[in-house]
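Down below is the structure, laid out as structure tokens.
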Amino acid sequence: MDILLIKIKRLGSNVLKHSILLFLTLISVYPLYFVIVNSFKNKASYNISKIGFPQTVVLDAFKKVFLNELLPRWLANTLILTTTSVFLCLLFGSLAAFSLSRMKFKGRIFILNSIISLMVMPVIVMIIPLFVLFGRFHLNNNYLSVIIIYVGVLLPFNIYLLYSYFVTIPQSILDSGKIDGCSNFQIYLRIILPLSKSAMMALLVYDLLWAWNEFLISLIFMQRDKLRTLMVGLTLMQGRYAINVPVIMAGLVLGILPILILYIFTQKYFIKGLVAGSLKE
């Protein structure tokens, strides 16, 4: 009897846990469903049913988005800012994490703690000082200003995650490299980086997601229409087509699609990289 009661309690507990997880999953997936479904409707179909499947799939909303002559320029701007920022973050982050985790020098822990403390600083606090500073150097409406801010925002987390992973790499592997005559840079290039593919891939996905979807910084520092990023440009389209919701949804689909495909194909590396640093030698 006691065993039966225990099994019933476990079953009830599992049902409750899975019900909560299912509910949270539906909440997370619903916005994506809403955007995709309504992008294939016209204005009349959307007014009839806002959450149901379209009775007839139409591509009028996508045609109107593609007719915007600035769309290729917005996409190019986003690609330039995102790829450059992510590359610099991974490069500088891995170099800094390697020096902090494997090189012994005074102030190393203080520097690491200072970098980690920057992770809690809100971006919005730095907007006005940076806008004034870049204005004095004539860097507003310039790729360089946004790239500098993106790298500055993302770099502390990159250093922290890679540091947590690099310290788990056995010292014996690095010592064998030194015995073979490798310099510190060669150890970093030939040993550390090949062993850190999971962590680097996790950061690649995280940085790309953040930079691709970033809105506030690019809105303030890139105010010319031709310099807008994709997300900011889609917001301008929202103002132009405020009544035609399917057009807005079609623009959002085009903005989400590249990064969604990337995440689908790299999610196993992303998850593996996030938990890699939790294991100790």
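The values are calculated or read from the model by the stated rules, or taken from the named source; none is laboratory data. Treat the numbers as computed from the prediction; the structure is a model and nothing was measured. When we count neighbours, we look across all protein chains shown, and the Cβ atoms used for this are built from the backbone with ideal geometry, even at glycine.
When 146, 132 are checked against the criterion of being farther than 19 Å from residue 85 by Cα, at pLDDT 90 or above and aliphatic (A, V, I, L, M), a single residue qualifies: 132. Here segment 53-96 is the region considered, the condition is being surrounded by fewer than 17 Cβ atoms within 10 Å (Cβ to Cβ), over 25 Å from residue 162 (Cβ atoms) and aromatic (Phe, Trp, Tyr), and the residue that is nearest to the chain's Cα centre (by Cα) is 66. Just one of the numbered conditions (1) in contact with a Lys or Arg (Cβ under 7 Å, 6 or more places away or on another chain); (2) closer than 26 Å to residue 224 by Cβ is not true of residue 100: (2). Considered as a group, the residues in segment 17-48 that are aromatic (Phe, Trp, Tyr) and under 28 Å from the mean Cα position of the chain (by Cα) include one that is nearest to residue 246 (Cα to Cα), and that residue is 40.
Which ranges mark the helices (runs of 4 or more DSSP H) fully within segment 102-215 that have 2 or more residues being loosely packed, with under 15 Cβ neighbours inside 10 Å? Talk me through it step by step, then tell me what you get.
Details: elements: 108-117, 123-136, 143-166, 171-179, 184-187, 197-213.
Correct list: 108-117, 123-136, 171-179, 184-187.
Would you call residue 14 at pLDDT below 85, surrounded by 10 or more Cβ atoms within 10 Å (Cβ to Cβ) and over 30 Å from the mean Cα position of the chain (by Cα)?
On the way: at pLDDT below 85: yes; surrounded by 10 or more Cβ atoms within 10 Å (Cβ to Cβ): yes; over 30 Å from the mean Cα position of the chain (by Cα): yes.
Yes; evaluated as a whole, the condition is true for this residue.
If the condition is being over 24 Å from residue 263 (Cβ atoms) and at pLDDT below 85, then segment 182-216 contributes only 182. For segment 153-178, which residues satisfy the criterion of being in contact (Cβ under 8 Å) with a residue 24 or more places away in the chain and small (Gly, Ala, Ser)? 164 - this is the single residue of segment 153-178 that is in contact (Cβ under 8 Å) with a residue 24 or more places away in the chain and small (Gly, Ala, Ser).
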